[in-house]
1. Among the residues of the range 370-383, which ones are more than 16 Å from L61 (Cβ to Cβ), touching a residue at least 40 places away in the same chain (Cβ under 8 Å) and assigned to a strand (DSSP E or B)?
2. Tell me which residues, restricted to the range 1-41, are touching a strand residue (DSSP E or B) at 6+ places or on another chain (Cβ under 7 Å), closer than 28 Å to V78 by Cα and surrounded by 16 or more Cβ atoms within 10 Å (Cβ to Cβ).
3. Scan the range 89-116 residue by residue and report those that are loosely packed, with under 12 Cβ neighbours inside 10 Å and either over 23 Å from the mean Cα position of the chain (by Cα) or hydrophobic (A, V, I, L, M, F, W, C) (or both).
4. Could you say which residue among T424, T349 is closer than 26 Å to A73 by Cα, surrounded by fewer than 20 Cβ atoms within 10 Å (Cβ to Cβ) and among the hydroxyl-bearing types (S, T, Y)?
5. Scan the range 390-412 residue by residue and report those that are over 19 Å from K379 (Cα atoms) and of a type in the set (V, I, T).
6. Checking the condition assigned by TED's automatic domain parsing to the domain that holds T424 and either touching a residue at least 60 places away in the same chain (Cβ under 8 Å) or touching a Lys or Arg at 6+ places or on another chain (Cβ under 6 Å) (or both), which residue from G64, G55, G33 passes?
7. Is it the case that the range 257-264 has a residue that's more than 28 Å from A306 (Cα to Cα) and under 13 Å from the mean Cα position of the chain (by Cα)?
8. Condition (residue is on the phi > 0 side of the Ramachandran plot, out of contact with any Leu (no Cβ under 8 Å at 6 or more places or on another chain) and surrounded by fewer than 24 Cβ atoms within 10 Å (Cβ to Cβ)) applied to the range 218-234: is it met by at least one residue?
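The values are calculated or read from the model by the stated rules, or taken from the named source; none is laboratory data. The structure presented is a predicted model; accordingly, all values stated were derived computationally and were not measured. Every residue, glycine as well, gets a Cβ built from its backbone with ideal geometry; the counts of neighbours run over all protein chains shown.
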Amino acid sequence: MATPTLARHLVTEIPGPQSQAAQQRRLRTVAAGVSSGLPVFVESAGAGLLHDVDGNTLVDLGSGIAVTSVGNAAPAVVAAVQEQVAKFTHTCFMVTPYDAYVDVCEQLAELTPGSHEKRSALFNSGAEAVENAVKIARHATGRQAVVVFDHAYHGRTNLTMALTAKNMPYKHRFGPFAPEVYRLPMSYPFRDPAGLTGEQAAARALDQLEKQVGADNVACVLIEPIQGEGGFVVPAPGFLKAVADWCRAKGVLFVADEIQTGFCRTGAWFASEHEGVVPDLVTTAKGIAGGLPLAAVTGRAEVMDAVHGGGLGGTYGGNPVACAAALASIGIMRDEDLNARAKAIEEITLPRLRELAAGIPAIGDVRGRGAMLAVELVKPGTSEPDAELTGRIAKACHARGVVVLTAGTYGNVLRLLPPLVIPTDVLNDGLDVLAEAIQITIR
């Protein structure tokens, strides 16, 4: 294989002939329900670049949906995984334990918000973590109701589909869903009435909760500090704190879904920190382990320990290879100060996006924190979502060798999730292409 280039470089159309051939093989054996936003088959990746089977090099502004924050093949992660694989790949922690599981839990206790005593349980995916957080909350409180928000995304299992707001593609014809799930209006500054503060948005939601559910019935309020699939919605300042304060006063557990926002993505270890909120339970996954499947629920010791022995677990949860990758990834985050790097990505990207928005009425909003940034597209002069335009812009980026993702309840948000280790020149090149794609598509 030729040495991959260190910059965007196209030698064929996107996707190229070998990717197109591989796509035909895929169609014969892979279920149609498993879709791909860009059917380019990747051969190697790293440093914010994807190298495909046709010899093309694409700029990666998606990070596998916020997973490969430290890179796709960070040397420290590779070495840790290789070392662990040579020792053992599995014993099942519930049968015979091992240090790496405990080491990860110690790191989570140190890094997650709050100085209280904590416990963690490890799982495989974000949906699994959320589902177990609900189990823990119900068991600890003796209550059943779970409260979530408009535009939320929490996973694809039966319970997490119930928690998720968007029907298509996540919920359509997959019901019936789990009961005792209640949805409240989210703080969405771009779409809220002008001047609505975070505290007022919280009061609106909590008033509805008190009337329709009753605080005494609520086990937990589950919220993404910045919504992911729902469109990178950053709630107005004060919203999260007001909801957390209400939970504390009512004996309701406040659960922060930090699966997409966690591990330096927003310029803090966890996005809850931006609002000074200390959750009772935190769910994590995605960026924790450099691309290997690992997830966790971390929370107050008395809440986590309320569950009886054997009530939590799973055959693969906290797999030793994934734990080794997580410990190496966290080490990179510390050593390279990826919180500072996320802030630097914001400082480079947001001004460019805002300058672009100033001259393009179809850009309704630019928002985000750290390396979790978004552009919301609308019909000019309105707030009406324009999903069709959003899709065309994404395709224009893909054709030019830049991977961007779409999101949002209305399908009208371009979201940017570059690896935190992306070189500045690669990031700027990707942003140049994005700007060009927006201008050409709208023209």
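1. Hit for the range 370-383 is E376, nothing else.
2. P4, R8, S19, L38, V40, F41
3. Those that are loosely packed, with under 12 Cβ neighbours inside 10 Å and either over 23 Å from the mean Cα position of the chain (by Cα) or hydrophobic (A, V, I, L, M, F, W, C) (or both): T89, V95, T96, D99, S115.
4. Working: T349 fails: surrounded by fewer than 20 Cβ atoms within 10 Å (Cβ to Cβ).
After applying the criteria, what remains is T424.
5. V402, V403, V404
6. That would be G64, the only listed residue that is assigned by TED's automatic domain parsing to the domain that holds T424 and either touching a residue at least 60 places away in the same chain (Cβ under 8 Å) or touching a Lys or Arg at 6+ places or on another chain (Cβ under 6 Å) (or both).
7. yes
8. no
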